[in-house]
Amino acid sequence: MNKRVLYLVATAVAIILFLYGYHIFPIPGTDAVVYIPTAYLYAKGHGLINPLYYITQITDPSNQNLYNYYVPFQAHLLGILSSIKPDYRTIFTWCALFSITGLLLYTRIIASYFSGASGRLARVMMLLSLPYLSIYLLPTVGRPESLTVLMSMLVYILYRNRTHINPWLYNAVLCTLWGLMLATQIMSCFFCFLIFIAYDLLNSSNIGRTVVINTLRLAGIALVFCLALMLSPIGLTETLTGIGRHAAYVISRSDTNLKLFVYYWLLAPLNFGFLIVFLAAAFFHIKYTVGRLRQLSVLHKVLVAAVHLVIAAGFYKFILYAAPTVYNATQFILPITVYVMMSLARYGQGVKEKLPAAVLLLTFAAGGLLFLRTFLLFIDYMQDGKTFQAGRQVAAEIFNKYPRVYFTGLWCLFDDPNEIKVFDLRYYKKGDVVVVQQAYHEFPPELKGKCTIVYDWSTKERRTFMGIPLTRRPQGYSFVLCQMNEDAPAK
(Lines give C-alpha, C1' and ligand atoms only; values in the text may rest on other atoms or scores of the structure.)
Protein backbone atom coordinates (compact mmCIF):
# COMPACT_ATOMS: atom_id res chain seq x y z
CA MET A 1 0.00 0.00 0.00
CA ASN A 2 1.77 3.20 -1.16
CA LYS A 3 1.02 6.88 -0.59
CA ARG A 4 -0.80 7.11 -3.93
CA VAL A 5 -3.75 5.41 -2.21
CA LEU A 6 -3.66 8.08 0.47
CA TYR A 7 -3.85 10.86 -2.13
CA LEU A 8 -6.68 9.08 -3.96
CA VAL A 9 -8.73 8.88 -0.77
CA ALA A 10 -7.96 12.52 0.04
CA THR A 11 -9.01 13.57 -3.47
CA ALA A 12 -12.28 11.64 -3.21
CA VAL A 13 -13.09 13.23 0.16
CA ALA A 14 -12.18 16.68 -1.18
CA ILE A 15 -14.52 16.26 -4.17
CA ILE A 16 -17.36 15.22 -1.88
CA LEU A 17 -16.78 18.25 0.39
CA PHE A 18 -16.86 20.48 -2.69
CA LEU A 19 -20.16 18.93 -3.80
CA TYR A 20 -21.59 19.49 -0.32
CA GLY A 21 -20.65 23.16 -0.48
CA TYR A 22 -21.92 23.69 -4.02
CA HIS A 23 -25.24 21.94 -3.38
CA ILE A 24 -25.49 23.34 0.17
CA PHE A 25 -25.78 19.98 1.88
CA PRO A 26 -26.49 19.24 4.67
CA ILE A 27 -28.94 22.11 5.08
CA PRO A 28 -27.26 24.96 7.00
CA GLY A 29 -27.53 24.16 10.68
CA THR A 30 -25.97 24.83 14.06
CA ASP A 31 -25.02 28.53 14.14
CA ALA A 32 -24.91 29.21 10.39
CA VAL A 33 -27.77 31.71 10.73
CA VAL A 34 -25.56 33.73 13.08
CA TYR A 35 -22.83 34.33 10.48
CA ILE A 36 -23.75 33.44 6.90
CA PRO A 37 -26.63 35.90 6.27
CA THR A 38 -24.17 38.68 7.09
CA ALA A 39 -21.72 37.52 4.42
CA TYR A 40 -24.60 37.14 1.96
CA LEU A 41 -25.96 40.62 2.59
CA TYR A 42 -22.48 42.14 2.41
CA ALA A 43 -21.90 40.46 -0.96
CA LYS A 44 -25.17 42.06 -2.14
CA GLY A 45 -24.03 45.51 -0.97
CA HIS A 46 -26.03 45.85 2.28
CA GLY A 47 -23.08 46.08 4.68
CA LEU A 48 -22.32 43.86 7.68
CA ILE A 49 -25.80 43.30 9.10
CA ASN A 50 -27.89 40.35 10.21
CA PRO A 51 -31.65 40.82 10.57
CA LEU A 52 -32.16 37.12 11.39
CA TYR A 53 -30.22 36.88 14.66
CA TYR A 54 -31.96 38.12 17.78
CA ILE A 55 -28.75 39.09 19.59
CA THR A 56 -28.54 42.32 17.56
CA GLN A 57 -31.39 43.59 19.75
CA ILE A 58 -28.90 43.49 22.62
CA THR A 59 -25.68 44.55 20.91
CA ASP A 60 -26.98 47.23 18.53
CA PRO A 61 -29.04 49.99 20.17
CA SER A 62 -29.32 51.73 16.79
CA ASN A 63 -31.66 48.94 15.57
CA GLN A 64 -29.75 48.60 12.30
CA ASN A 65 -29.08 44.89 12.95
CA LEU A 66 -25.34 45.52 12.83
CA TYR A 67 -23.01 42.53 12.88
CA ASN A 68 -21.15 43.89 15.89
CA TYR A 69 -21.71 40.96 18.23
CA TYR A 70 -18.76 39.00 16.86
CA VAL A 71 -15.37 39.66 15.31
CA PRO A 72 -16.00 40.31 11.60
CA PHE A 73 -13.23 38.79 9.50
CA GLN A 74 -14.97 35.58 8.41
CA ALA A 75 -18.20 37.31 7.36
CA HIS A 76 -16.29 40.20 5.80
CA LEU A 77 -13.96 37.89 3.84
CA LEU A 78 -16.77 35.61 2.62
CA GLY A 79 -18.77 38.66 1.60
CA ILE A 80 -15.86 40.04 -0.42
CA LEU A 81 -15.06 36.69 -2.05
CA SER A 82 -18.73 36.10 -2.90
CA SER A 83 -19.42 39.57 -4.29
CA ILE A 84 -18.59 38.33 -7.80
CA LYS A 85 -21.75 36.22 -7.65
CA PRO A 86 -23.71 37.00 -4.46
CA ASP A 87 -25.41 33.77 -3.50
CA TYR A 88 -25.49 31.34 -0.60
CA ARG A 89 -24.13 28.70 -2.95
CA THR A 90 -21.05 30.85 -3.61
CA ILE A 91 -20.48 31.39 0.11
CA PHE A 92 -20.70 27.72 1.03
CA THR A 93 -18.48 26.78 -1.90
CA TRP A 94 -15.81 29.06 -0.45
CA CYS A 95 -16.30 27.38 2.94
CA ALA A 96 -15.78 24.03 1.23
CA LEU A 97 -12.57 25.28 -0.40
CA PHE A 98 -11.22 26.33 3.01
CA SER A 99 -11.98 22.84 4.35
CA ILE A 100 -10.47 21.12 1.32
CA THR A 101 -7.27 23.17 1.57
CA GLY A 102 -6.85 22.23 5.22
CA LEU A 103 -7.49 18.56 4.49
CA LEU A 104 -4.98 18.47 1.62
CA LEU A 105 -2.33 20.15 3.77
CA TYR A 106 -2.96 17.49 6.41
CA THR A 107 -2.64 14.79 3.75
CA ARG A 108 0.64 16.23 2.49
CA ILE A 109 2.18 16.00 5.97
CA ILE A 110 1.08 12.47 6.83
CA ALA A 111 2.00 11.27 3.33
CA SER A 112 5.66 11.77 4.22
CA TYR A 113 5.23 9.14 6.96
CA PHE A 114 2.82 6.85 5.13
CA SER A 115 5.21 4.53 3.29
CA GLY A 116 7.48 4.18 6.29
CA ALA A 117 4.69 3.65 8.81
CA SER A 118 5.32 0.61 10.97
CA GLY A 119 2.69 -1.95 10.03
CA ARG A 120 -0.38 -2.09 7.81
CA LEU A 121 -2.65 -0.96 10.67
CA ALA A 122 -0.77 2.33 10.98
CA ARG A 123 -1.33 3.01 7.28
CA VAL A 124 -4.97 1.98 7.53
CA MET A 125 -5.37 4.42 10.42
CA MET A 126 -3.92 7.22 8.29
CA LEU A 127 -6.33 6.37 5.47
CA LEU A 128 -9.32 6.23 7.78
CA SER A 129 -8.38 9.56 9.33
CA LEU A 130 -9.29 11.33 6.07
CA PRO A 131 -13.03 10.51 5.96
CA TYR A 132 -13.08 10.83 9.75
CA LEU A 133 -11.74 14.40 9.61
CA SER A 134 -14.27 15.32 6.93
CA ILE A 135 -17.11 15.15 9.46
CA TYR A 136 -15.47 18.14 11.18
CA LEU A 137 -15.14 20.01 7.89
CA LEU A 138 -18.69 20.10 6.53
CA PRO A 139 -18.93 23.51 4.84
CA THR A 140 -22.58 24.20 5.68
CA VAL A 141 -21.93 24.35 9.43
CA GLY A 142 -21.19 27.98 8.62
CA ARG A 143 -19.29 28.89 11.78
CA PRO A 144 -15.97 30.83 11.73
CA GLU A 145 -14.17 27.58 12.48
CA SER A 146 -14.48 26.74 8.77
CA LEU A 147 -11.70 29.32 8.38
CA THR A 148 -9.76 28.93 11.64
CA VAL A 149 -9.34 25.17 11.09
CA LEU A 150 -7.26 26.09 8.04
CA MET A 151 -5.47 28.92 9.84
CA SER A 152 -4.42 26.71 12.75
CA MET A 153 -3.08 24.15 10.27
CA LEU A 154 -1.01 26.86 8.58
CA VAL A 155 0.45 27.92 11.94
CA TYR A 156 1.36 24.31 12.66
CA ILE A 157 3.07 23.96 9.28
CA LEU A 158 5.00 27.19 9.82
CA TYR A 159 6.25 25.95 13.18
CA ARG A 160 7.32 22.62 11.71
CA ASN A 161 9.36 24.45 9.07
CA ARG A 162 10.63 27.29 11.26
CA THR A 163 14.31 26.50 10.68
CA HIS A 164 13.90 26.66 6.90
CA ILE A 165 12.16 30.05 6.66
CA ASN A 166 13.67 33.52 6.84
CA PRO A 167 13.04 34.73 10.45
CA TRP A 168 11.51 38.06 9.36
CA LEU A 169 9.15 36.37 6.92
CA TYR A 170 8.36 33.64 9.46
CA ASN A 171 7.34 36.13 12.14
CA ALA A 172 5.48 38.40 9.73
CA VAL A 173 3.34 35.52 8.45
CA LEU A 174 2.77 34.18 11.97
CA CYS A 175 1.60 37.55 13.30
CA THR A 176 -0.65 38.07 10.28
CA LEU A 177 -2.24 34.65 10.72
CA TRP A 178 -2.74 35.11 14.46
CA GLY A 179 -4.11 38.63 14.03
CA LEU A 180 -6.63 37.43 11.46
CA MET A 181 -7.49 34.45 13.68
CA LEU A 182 -8.21 36.91 16.49
CA ALA A 183 -10.44 38.84 14.09
CA THR A 184 -12.20 35.58 13.06
CA GLN A 185 -12.67 33.57 16.25
CA ILE A 186 -11.15 34.98 19.43
CA MET A 187 -10.57 31.67 21.19
CA SER A 188 -8.73 30.27 18.18
CA CYS A 189 -5.98 32.86 18.56
CA PHE A 190 -5.95 32.61 22.36
CA PHE A 191 -5.27 28.87 22.45
CA CYS A 192 -3.17 28.71 19.29
CA PHE A 193 -0.79 31.41 20.52
CA LEU A 194 -0.45 29.94 24.01
CA ILE A 195 0.20 26.41 22.77
CA PHE A 196 2.75 27.83 20.34
CA ILE A 197 4.50 29.64 23.21
CA ALA A 198 4.53 26.44 25.27
CA TYR A 199 6.41 24.58 22.53
CA ASP A 200 8.58 27.59 21.76
CA LEU A 201 9.71 27.61 25.39
CA LEU A 202 10.16 23.84 25.52
CA ASN A 203 12.43 23.91 22.47
CA SER A 204 14.27 27.15 23.21
CA SER A 205 17.92 27.36 24.19
CA ASN A 206 17.71 31.11 24.95
CA ILE A 207 14.79 31.82 27.27
CA GLY A 208 15.26 35.60 27.34
CA ARG A 209 15.24 35.89 23.57
CA THR A 210 12.15 33.65 23.37
CA VAL A 211 10.23 35.84 25.83
CA VAL A 212 11.17 39.04 23.97
CA ILE A 213 10.28 37.65 20.54
CA ASN A 214 6.87 36.40 21.69
CA THR A 215 6.16 39.74 23.34
CA LEU A 216 6.89 41.45 20.03
CA ARG A 217 4.71 38.87 18.27
CA LEU A 218 1.87 39.74 20.63
CA ALA A 219 2.22 43.40 19.64
CA GLY A 220 2.15 42.38 15.97
CA ILE A 221 -1.01 40.33 16.54
CA ALA A 222 -2.71 43.31 18.19
CA LEU A 223 -1.74 45.54 15.27
CA VAL A 224 -3.13 43.16 12.63
CA PHE A 225 -6.28 42.62 14.69
CA CYS A 226 -6.94 46.35 15.06
CA LEU A 227 -6.33 46.93 11.35
CA ALA A 228 -8.76 44.14 10.42
CA LEU A 229 -11.48 45.67 12.61
CA MET A 230 -10.76 49.22 11.46
CA LEU A 231 -11.05 48.14 7.83
CA SER A 232 -14.35 46.36 8.43
CA PRO A 233 -17.52 48.39 7.70
CA ILE A 234 -18.52 48.61 11.38
CA GLY A 235 -15.15 49.70 12.69
CA LEU A 236 -13.01 48.99 15.72
CA THR A 237 -14.87 50.79 18.53
CA GLU A 238 -18.39 49.72 17.60
CA THR A 239 -17.30 46.10 17.12
CA LEU A 240 -15.51 45.89 20.47
CA THR A 241 -18.48 47.51 22.24
CA GLY A 242 -20.91 45.03 20.68
CA ILE A 243 -18.66 42.07 21.51
CA GLY A 244 -18.54 43.23 25.11
CA ARG A 245 -22.35 43.31 25.31
CA HIS A 246 -22.58 39.90 23.66
CA ALA A 247 -19.97 38.38 25.98
CA ALA A 248 -21.78 39.64 29.06
CA TYR A 249 -24.93 37.94 27.79
CA VAL A 250 -23.54 34.52 26.81
CA ILE A 251 -20.94 34.00 29.54
CA SER A 252 -23.73 33.19 31.96
CA ARG A 253 -24.92 30.17 29.95
CA SER A 254 -25.08 26.96 31.93
CA ASP A 255 -26.00 24.32 29.37
CA THR A 256 -23.57 21.75 30.66
CA ASN A 257 -23.94 18.48 32.51
CA LEU A 258 -22.49 15.00 32.15
CA LYS A 259 -25.08 13.93 29.58
CA LEU A 260 -24.45 16.98 27.39
CA PHE A 261 -20.70 16.64 27.81
CA VAL A 262 -20.79 13.01 26.65
CA TYR A 263 -22.91 13.96 23.65
CA TYR A 264 -20.87 16.94 22.45
CA TRP A 265 -17.44 15.44 23.14
CA LEU A 266 -18.08 11.85 22.10
CA LEU A 267 -21.30 11.29 20.16
CA ALA A 268 -22.11 14.45 18.20
CA PRO A 269 -22.11 13.64 14.45
CA LEU A 270 -20.08 16.78 13.63
CA ASN A 271 -17.16 15.79 15.86
CA PHE A 272 -17.70 12.15 16.74
CA GLY A 273 -15.14 10.78 19.20
CA PHE A 274 -13.28 14.07 19.59
CA LEU A 275 -12.58 13.36 23.25
CA ILE A 276 -10.57 10.27 22.24
CA VAL A 277 -8.41 12.21 19.78
CA PHE A 278 -8.00 15.02 22.30
CA LEU A 279 -6.94 12.67 25.10
CA ALA A 280 -4.47 10.93 22.79
CA ALA A 281 -2.91 14.30 21.95
CA ALA A 282 -2.83 15.23 25.65
CA PHE A 283 -1.11 11.91 26.46
CA PHE A 284 1.67 12.52 23.96
CA HIS A 285 1.97 16.20 24.90
CA ILE A 286 2.48 15.32 28.56
CA LYS A 287 4.96 12.61 27.59
CA TYR A 288 6.97 15.05 25.48
CA THR A 289 6.77 17.92 28.00
CA VAL A 290 7.93 15.80 30.93
CA GLY A 291 10.86 14.54 28.89
CA ARG A 292 11.89 18.08 27.93
CA LEU A 293 11.45 19.53 31.40
CA ARG A 294 14.13 17.21 32.76
CA GLN A 295 16.62 19.03 30.53
CA LEU A 296 15.61 22.62 31.38
CA SER A 297 16.63 25.11 34.06
CA VAL A 298 14.40 26.00 37.01
CA LEU A 299 13.37 29.34 35.49
CA HIS A 300 12.62 27.60 32.22
CA LYS A 301 10.42 25.08 34.02
CA VAL A 302 8.56 27.83 35.87
CA LEU A 303 7.73 29.66 32.63
CA VAL A 304 6.58 26.48 30.91
CA ALA A 305 4.39 25.63 33.92
CA ALA A 306 2.94 29.15 33.99
CA VAL A 307 1.93 28.97 30.31
CA HIS A 308 0.30 25.59 30.88
CA LEU A 309 -1.65 26.97 33.84
CA VAL A 310 -3.00 29.78 31.67
CA ILE A 311 -3.98 27.25 28.99
CA ALA A 312 -5.72 25.08 31.61
CA ALA A 313 -7.56 28.08 33.06
CA GLY A 314 -8.67 29.14 29.58
CA PHE A 315 -9.76 25.60 28.79
CA TYR A 316 -11.95 25.56 31.90
CA LYS A 317 -13.30 29.08 31.40
CA PHE A 318 -13.93 29.12 27.65
CA ILE A 319 -14.46 25.48 26.65
CA LEU A 320 -15.79 23.52 29.59
CA TYR A 321 -18.14 26.26 30.80
CA ALA A 322 -20.80 24.98 28.37
CA ALA A 323 -20.88 21.62 26.60
CA PRO A 324 -21.70 22.97 23.10
CA THR A 325 -18.60 25.20 23.14
CA VAL A 326 -16.48 22.15 22.31
CA TYR A 327 -16.04 23.94 18.97
CA ASN A 328 -13.40 26.09 20.68
CA ALA A 329 -11.31 22.90 20.84
CA THR A 330 -12.44 21.01 17.73
CA GLN A 331 -11.25 23.84 15.48
CA PHE A 332 -7.72 22.47 16.09
CA ILE A 333 -8.63 18.98 14.89
CA LEU A 334 -6.21 19.00 11.93
CA PRO A 335 -3.00 19.90 13.82
CA ILE A 336 -4.12 17.77 16.77
CA THR A 337 -4.54 14.71 14.54
CA VAL A 338 -1.23 15.33 12.78
CA TYR A 339 0.44 15.66 16.18
CA VAL A 340 -1.01 12.34 17.33
CA MET A 341 0.06 10.59 14.12
CA MET A 342 3.59 11.97 14.33
CA SER A 343 3.81 11.10 18.02
CA LEU A 344 2.86 7.51 17.30
CA ALA A 345 5.62 7.41 14.70
CA ARG A 346 8.12 9.07 17.05
CA TYR A 347 7.54 6.93 20.11
CA GLY A 348 7.14 3.63 18.29
CA GLN A 349 4.65 0.93 19.12
CA GLY A 350 5.19 0.19 22.79
CA VAL A 351 2.39 -1.02 25.03
CA LYS A 352 1.55 2.54 26.09
CA GLU A 353 1.30 3.60 22.47
CA LYS A 354 -0.60 0.58 21.16
CA LEU A 355 -3.62 1.27 23.34
CA PRO A 356 -4.27 4.84 22.07
CA ALA A 357 -3.45 3.64 18.54
CA ALA A 358 -6.07 0.88 18.73
CA VAL A 359 -8.72 3.19 20.20
CA LEU A 360 -7.95 5.82 17.56
CA LEU A 361 -8.26 3.23 14.80
CA LEU A 362 -11.73 2.28 16.04
CA THR A 363 -12.71 5.94 16.36
CA PHE A 364 -11.58 6.73 12.83
CA ALA A 365 -13.41 3.68 11.51
CA ALA A 366 -16.66 4.71 13.25
CA GLY A 367 -16.22 8.27 11.99
CA GLY A 368 -15.67 6.89 8.50
CA LEU A 369 -19.05 5.16 8.73
CA LEU A 370 -20.62 8.50 9.68
CA PHE A 371 -18.98 10.03 6.62
CA LEU A 372 -20.36 7.21 4.47
CA ARG A 373 -23.82 7.72 5.97
CA THR A 374 -23.69 11.43 5.15
CA PHE A 375 -22.65 10.66 1.58
CA LEU A 376 -25.51 8.17 1.15
CA LEU A 377 -27.89 10.82 2.48
CA PHE A 378 -26.44 13.26 -0.06
CA ILE A 379 -27.22 10.82 -2.88
CA ASP A 380 -30.73 10.42 -1.47
CA TYR A 381 -31.02 14.22 -1.25
CA MET A 382 -30.12 14.67 -4.91
CA GLN A 383 -32.48 11.90 -6.03
CA ASP A 384 -35.35 13.14 -3.87
CA GLY A 385 -35.46 16.50 -5.64
CA LYS A 386 -35.85 18.53 -2.43
CA THR A 387 -32.60 20.33 -3.14
CA PHE A 388 -31.53 23.89 -2.41
CA GLN A 389 -32.02 24.98 -5.99
CA ALA A 390 -35.50 23.48 -6.23
CA GLY A 391 -36.45 24.83 -2.81
CA ARG A 392 -35.28 28.31 -3.82
CA GLN A 393 -37.70 28.35 -6.74
CA VAL A 394 -40.62 27.22 -4.56
CA ALA A 395 -39.72 29.80 -1.90
CA ALA A 396 -39.73 32.57 -4.52
CA GLU A 397 -43.30 31.65 -5.50
CA ILE A 398 -44.35 31.68 -1.84
CA PHE A 399 -42.71 35.05 -1.27
CA ASN A 400 -44.55 36.54 -4.24
CA LYS A 401 -47.88 35.22 -2.96
CA TYR A 402 -47.63 36.13 0.73
CA PRO A 403 -46.56 39.58 1.94
CA ARG A 404 -44.78 38.44 5.11
CA VAL A 405 -43.14 35.07 5.68
CA TYR A 406 -41.89 33.58 8.94
CA PHE A 407 -39.62 30.57 9.25
CA THR A 408 -38.65 27.89 11.72
CA GLY A 409 -35.71 27.07 9.45
CA LEU A 410 -34.56 27.14 5.81
CA TRP A 411 -33.80 30.88 5.91
CA CYS A 412 -31.31 30.43 3.05
CA LEU A 413 -34.12 29.68 0.57
CA PHE A 414 -35.26 33.29 0.57
CA ASP A 415 -33.49 35.93 -1.47
CA ASP A 416 -33.82 38.82 0.98
CA PRO A 417 -33.21 38.09 4.68
CA ASN A 418 -34.63 41.53 5.49
CA GLU A 419 -38.07 40.38 4.35
CA ILE A 420 -38.39 37.23 6.44
CA LYS A 421 -38.65 36.82 10.18
CA VAL A 422 -37.99 34.10 12.73
CA PHE A 423 -41.28 32.62 13.91
CA ASP A 424 -42.05 33.41 17.53
CA LEU A 425 -44.85 31.53 19.30
CA ARG A 426 -45.46 34.53 21.52
CA TYR A 427 -46.31 37.06 18.82
CA TYR A 428 -47.92 35.43 15.79
CA LYS A 429 -51.17 36.73 14.33
CA LYS A 430 -54.01 35.14 12.47
CA GLY A 431 -53.13 34.84 8.79
CA ASP A 432 -49.35 34.71 9.30
CA VAL A 433 -47.63 32.09 7.16
CA VAL A 434 -44.82 29.97 8.52
CA VAL A 435 -42.27 27.81 6.71
CA VAL A 436 -41.81 24.65 8.83
CA GLN A 437 -38.81 22.59 7.75
CA GLN A 438 -39.12 18.84 7.74
CA ALA A 439 -35.45 17.99 8.38
CA TYR A 440 -34.09 17.30 11.86
CA HIS A 441 -37.27 17.71 13.91
CA GLU A 442 -40.91 16.73 14.14
CA PHE A 443 -43.70 19.15 13.28
CA PRO A 444 -43.76 21.64 16.20
CA PRO A 445 -46.40 20.43 18.65
CA GLU A 446 -47.13 24.06 19.57
CA LEU A 447 -48.53 24.62 16.08
CA LYS A 448 -50.82 21.58 15.95
CA GLY A 449 -54.47 22.62 15.88
CA LYS A 450 -53.55 26.29 15.47
CA CYS A 451 -52.72 26.40 11.78
CA THR A 452 -53.70 25.05 8.38
CA ILE A 453 -51.22 23.62 5.89
CA VAL A 454 -51.64 25.73 2.76
CA TYR A 455 -48.72 24.30 0.79
CA ASP A 456 -47.14 20.87 1.20
CA TRP A 457 -43.62 20.38 -0.16
CA SER A 458 -42.76 17.51 2.13
CA THR A 459 -41.32 14.10 1.31
CA LYS A 460 -41.23 10.65 2.88
CA GLU A 461 -39.95 10.64 6.43
CA ARG A 462 -37.74 7.58 6.83
CA ARG A 463 -34.58 7.31 4.71
CA THR A 464 -33.04 3.93 4.00
CA PHE A 465 -30.25 2.41 1.91
CA MET A 466 -30.76 -1.17 0.72
CA GLY A 467 -33.31 -1.54 3.49
CA ILE A 468 -30.92 -0.23 6.14
CA PRO A 469 -32.33 2.79 8.06
CA LEU A 470 -30.15 5.88 7.68
CA THR A 471 -32.28 8.44 9.48
CA ARG A 472 -35.84 8.98 10.63
CA ARG A 473 -35.97 12.41 9.01
CA PRO A 474 -35.30 13.69 5.47
CA GLN A 475 -32.12 15.72 5.05
CA GLY A 476 -33.16 18.10 2.31
CA TYR A 477 -35.11 21.35 2.03
CA SER A 478 -38.59 19.81 2.21
CA PHE A 479 -41.14 21.79 4.20
CA VAL A 480 -44.79 22.62 4.72
CA LEU A 481 -46.24 26.12 4.69
CA CYS A 482 -48.72 26.79 7.47
CA GLN A 483 -51.14 29.65 7.94
CA MET A 484 -52.11 30.55 11.49
CA ASN A 485 -55.81 30.26 12.32
CA GLU A 486 -55.71 32.48 15.40
CA ASP A 487 -53.71 35.11 17.22
CA ALA A 488 -51.15 34.18 19.84
CA PRO A 489 -52.57 34.04 23.38
CA ALA A 490 -52.33 37.38 25.16
CA LYS A 491 -49.52 37.57 27.71
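The values are calculated or read from the model by the stated rules, or taken from the named source; none is laboratory data. It should be emphasised that the depicted structure is a prediction, and the values quoted were computed from it without experimental measurement. Virtual Cβ from ideal backbone geometry, glycine too; neighbours counted across all protein chains shown. Note: areas computed on protein heavy atoms with side chains; ligands, DNA, RNA excluded. Shrake-Rupley method; radii C 1.70, N 1.55, O 1.52, S 1.80 Å.
The table for this structure:
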quantity	calculated
The chain - accessible surface per residue (Å², probe 1.4 Å)	46 Å²
Relative contact order for the stretch 376-441, counting Cα pairs under 8 Å that sit 6 or more residues apart, in percent	31 percent
P(r) tail fraction, the stretch 418-491 - alpha-carbon pairs more than 13 Å apart, %	69 percent
Structure-based [θ]222 nm, the chain - -39500 (n - 2.57) summed over DSSP H runs of at least 4, per residue, nearest 500	-19500 deg cm²/dmol
The chain: relative contact order as a whole-number percent, Cα under 8 Å and 6+ apart	17 percent
Gain in span if fully extended, MET466 to TRP168, counting 0.36 nm per residue against the direct Cα distance	101.4 nm
Net lengthening on full extension, THR11/LEU293 (0.36 nm per residue, minus Cα-Cα)	97.4 nm
Sites LEU231 and MET342 - FRET efficiency at Förster radius 41 Å, r taken between beta-carbons, to 0.05	0.65
Kirkwood Rh in Å, taken over the stretch 172-218 so that all alpha-carbon pairs contribute	11.1 Å
Kirkwood-based shape ratio for the stretch 196-293, expressed as Rg/Rh from alpha carbons	1.11
Cα-projected label distance for LYS430 with TYR54, points at 7 Å along beta-carbon direction, nm	2.6 nm
All-pairs Cα distance distribution in the stretch 325-425, expressed in whole percent, bin size 5 Å	2, 9, 11, 12, 11, 10, 11, 8, 8, 7, 5, 3, 1, 0
Residues of the stretch 26-43 with amide N under 15 Å of the 7 Å Cα→Cβ point at GLN64	42
q = 0.06, 0.10, 0.11, 0.12 Å⁻¹, the chain: log10 I(q)/I(0) [Debye, one scatterer per Cα]	-0.30, -0.83, -1.00, -1.18
Point-charge dipole on Cβ atoms (K/R +1, D/E -1) for the chain, about Cα centre, debye to 20	1520 debye
From phi via Karplus (6.51, -1.76, 1.60), per-residue ³J(HN,Hα) for the stretch 441-446 in Hz, x at Gly/Pro	8, 6, 4, x, x, 5
Theoretical gain in end-to-end length, ALA312 to ASN206 [0.36 nm per residue, Cα-Cα removed]	35.7 nm
Sorted largest first, extent of the stretch 1-133 alpha carbons per principal axis (Å)	63, 28, 22
Sites ALA247 and SER458, calculated FRET efficiency, Cβ-Cβ separation with R0 35 Å, nearest 0.05	0.30
